[in-house]
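What follows is one structure encoded as structure tokens, with my remarks underneath.
The values are calculated or read from the model by the stated rules, or taken from the named source; none is laboratory data. Please read all numbers here as calculations on a predicted model, not as lab measurements. Glycine gets a Cβ as well: all are built from the backbone with ideal geometry, and neighbour counts include every protein chain shown.
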Amino acid sequence: MIVNMKGHFHATDGLCKHMKWPLSWGGKLKDGCVTCPLHQTTHCISDGSLVEWAPFPLFPPYGRLVGSMVSKKDLGIFETRVEDGFVQVLI
Ligand code: FES
């Protein structure tokens, strides 16, 4: 996933680290973080660090259950640069 945050491009893994939901399918950006729509796992966009793991605020016990099924991971981050008007990602 590529995000333009205040004119700076960030490239991250495309799938949520929890259960691989595509973050481009409803992921929400707020305060420099991306939140997965499925169980609301949140990662920082700039360094990929984990902020919150499957809290599922609608029913937290369910969030704790599904959160325990997968080990916590940071989001993968890839280097970017802009060349001749194109965003390039080092993978
Ligand atoms: S798949 Fe993204 S939080 Fe569960």
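Things worth noting here:
- Subset of the stretch 56-67 [buried (at least 17 other Cβ atoms within 10 Å of the Cβ) and in contact with a helix residue (DSSP H, G or I) (Cβ under 9 Å, 6 or more places away or on another chain)]: 56
- Output for the stretch 1-32, where each listed residue is in contact (Cβ under 8 Å) with a residue 40 or more places away in the chain, over 18 Å from residue 66 (Cα atoms) and touching an Asp or Glu at 6+ places or on another chain (Cβ under 8 Å): 11
- Residue within the stretch 13-36 that is of a type in the set (Val, Ile, Thr), surrounded by 15 or more Cβ atoms within 10 Å (Cβ to Cβ) and assigned to a strand (DSSP E or B) present: yes
- Filter result (among the hydrophobic types (A, V, I, L, M, F, W, C), more than 8 Å from the ligand (Cβ to nearest atom) and over 10 Å from the mean Cα position of the chain (by Cα)) within the stretch 15-30: 25
- Of the residues making up the stretch 36-47, not a single one is touching a residue at least 60 places away in the same chain (Cβ under 8 Å) and either farther than 17 Å from residue 1 by Cβ or aromatic (Phe, Trp, Tyr) (or both).
- All positions within the stretch 37-51 that are crowded, with 17+ Cβ neighbours inside 10 Å and either of a type in the set (A, V, I, L, M) or on the phi < 0 side of the Ramachandran plot (or both): 38, 39, 41, 42, 43, 44, 45
- Filter result for residue 44 (within 12 Å of the ligand (Cβ to nearest atom), of a type in the set (A, V, I, L, M, F, W, C) and at pLDDT 95 or above): no
- Within the stretch 37-55, the residues that satisfy the criterion of being part of a strand (DSSP E or B) and among the β-branched types (Val, Ile, Thr) are 42, 51.
- Test: residue in the stretch 68-91 that is within 12 Å of the ligand (Cβ to nearest atom), of a type outside the set (Asp, Glu), surrounded by 11 or more Cβ atoms within 10 Å (Cβ to Cβ) and outside any loop (DSSP other than H, G, I, E, B): no
- For residue 59: the one exception among (1) within 15 Å of residue 5 (Cα to Cα); (2) more than 9 Å from the ligand (Cβ to nearest atom): (1)
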